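Data block below; observations after.
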Amino acid sequence: QVQLVESGGGLVQPGGSLRLSCAASVSIFSINAMGWYRQAPGKQRELVAAIGSGSVTNYADSVKDRFTISRDNAKRAMYLQMNSLKPEDTAVYYCRAIAGSYDYWGPGTQVTVSS
């Protein structure tokens, strides 16, 4: 069983930055796929960024060149650095880990971009 907990969300002005963290309850060394997803009100949950065990990454087109995903296996953590935030980035952000046939999600953290 893997428990994931997100932190770092909050209210930020357009153009600002936030860094989200996802803390895992167990080692993530062997977890091949981890990612950040978001869900805005009235919209479906969508992939924001993903990272493999070899640190290969991919991003949604809407966040490329603004967001950076990373992981620190020693700290059992994954991060999402978000720069140049826009109002349309407002959503609940979730971290996800896929280990074999198991699929784990955190409870989410709210990010609100507003002036």
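The values are calculated or read from the model by the stated rules, or taken from the named source; none is laboratory data. In this text the structure is predicted, and so the values were computed from the model without any measurement. For neighbour counting, all protein chains shown are included, and Cβ atoms are generated from backbone atoms with ideal geometry for every residue, glycine included. The area values use the complete protein model at the heavy-atom level, side chains included, leaving out ligands, DNA and RNA. Shrake-Rupley method; radii C 1.70, N 1.55, O 1.52, S 1.80 Å.
Just a few scattered comments:
- Selection within the stretch 54-82: residues that are touching a helix residue (DSSP H, G or I) at 6+ places or on another chain (Cβ under 8 Å) and free of Cβ contacts under 8 Å to residues at least 60 places away in the same chain. The member of this set that is least open to solvent (accessible area, probe 1.4 Å) is VAL63.
- ILE51 vs. criteria in contact (Cβ under 8 Å) with a residue 60 or more places away in the chain and farther than 20 Å from PRO87 by Cα: no
- Positions within the stretch 102-115 being surrounded by 13 or more Cβ atoms within 10 Å (Cβ to Cβ), assigned to a strand (DSSP E or B) and out of contact with any Ser or Thr (no Cβ under 7 Å at 6 or more places or on another chain), in sequence order: TYR104, TRP105
- Yes/no for ALA99 being open to solvent by less than 60 Å² (accessible area, probe 1.4 Å) and touching a Lys or Arg at 6+ places or on another chain (Cβ under 7 Å): no
- Matching residues in the stretch 1-39 - criterion: being open to solvent by 30 Å² or more (accessible area, probe 1.4 Å), modelled with pLDDT under 95 and either among the β-branched types (Val, Ile, Thr) or more than 16 Å from PRO107 (Cβ to Cβ) (or both): VAL26, SER27, PHE29, SER30, ASN32, ALA33
- Every residue from the stretch 33-75 that is under 16 Å from TYR102 (Cβ atoms) and touching a strand residue (DSSP E or B) at 6+ places or on another chain (Cβ under 6 Å): ALA33, MET34, GLY35
- Filter pass, ALA40 being farther than 16 Å from THR112 by Cα and in contact (Cβ under 8 Å) with a residue 12 or more places away in the chain: no
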